[in-house]
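Each value in this text was obtained by applying a stated rule to the coordinates, not by laboratory testing. Computed from a predicted model, the values in this text were never measured in an experiment. Using ideal geometry, Cβ is built from the backbone for each residue, glycine included, and neighbour counts are taken over all protein chains shown.
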Amino acid sequence: MGYHQISPEAATGLLAGLGSTEIWDLVPALGLVMQPLVMVHPAVLGFLCPKIAEDGGPFQLASFPDGSTQEALKTLVSVAMTAQRSANMTLEFAQRFDRLYSVWPYRVLSVQPPYGSRGSRGLAEAL
């Protein structure tokens with residue numbers, strides 16, 4: 001059984017259909033391809049950044065006990081918010097996503113976000 005290649009346009013289309021929770025679920029996989037993907041297809045930022053910066057989404061509400069992971073998450077969200085308004089953020093976004101991936105505590109897909117007290121309050125407010 002061989003592998004089938006998917007065109008970059010098809011991959012971009014698939015990513016565009018994902019919600020913030022699905023993007024969260026795929027961080028371990030997306031971390032492997034995010035930098036080349038956004039460098040070749042910077043338009044990906046147009047739909048990824050709003051989902052990462054989404055109020056009430058997992059990237060906003062998660063709270064990691066490890067300071068380096070929490071800081072990487074916070075920085076990615078901040079860059080995603082800025083990148084929504086500026087087209088010149090492609091490289092910085094890719095680097096921040098790569099940084100989060102490098103400290104990501106999970107190596108499996110579809111892990112529930114760790115909602116600490118800050119995230120629990122935000123989740124309750126979002127509901």
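Could you check the stretch 70-102 and list, in sequence order, the residues that are farther than 18 Å from PRO36 by Cβ and over 13 Å from the mean Cα position of the chain (by Cα)?
GLN70, GLU71, THR82, GLN84, ARG85, SER86, ALA87, ASN88
Among the residues that make up the stretch 75-89, is at least one of them of a type outside the set (Ser, Thr, Tyr), out of contact with any helix residue (DSSP H, G or I) (no Cβ under 8 Å at 6 or more places or on another chain) and surrounded by 15 or more Cβ atoms within 10 Å (Cβ to Cβ)? First the steps, then the outcome.
Step one: of the stretch 75-89, the residues of a type outside the set (Ser, Thr, Tyr) are 76-77, 79-81, 83-85, 87-89.
From what's left, out of contact with any helix residue (DSSP H, G or I) (no Cβ under 8 Å at 6 or more places or on another chain): 85, 88.
From what's left, surrounded by 15 or more Cβ atoms within 10 Å (Cβ to Cβ): none.
No - not one qualifying residue is present in the stretch 75-89.
Yes/no per residue for (1) free of Cβ contacts under 8 Å to residues at least 40 places away in the same chain; (2) in a helix (DSSP H, G or I):
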position: ALA80; (1), (2): yes, yes
position: ARG85; (1), (2): yes, no
position: THR90; (1), (2): no, yes
position: PHE93; (1), (2): no, yes
position: TYR101; (1), (2): no, yes
position: PRO105; (1), (2): no, no
position: SER110; (1), (2): no, no
position: PRO114; (1), (2): no, no
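If I ask for residues that are of a type in the set (A, V, I, L, M) and touching a helix residue (DSSP H, G or I) at 6+ places or on another chain (Cβ under 7 Å), which ones from the stretch 31-42 would you list? Give the steps one after another, and end with the answer.
Looking only at the stretch 31-42, we keep the residues that are of a type in the set (A, V, I, L, M), and these are 32-34, 37-40.
Passing the criteria: MET34, LEU37, VAL38, MET39, VAL40.
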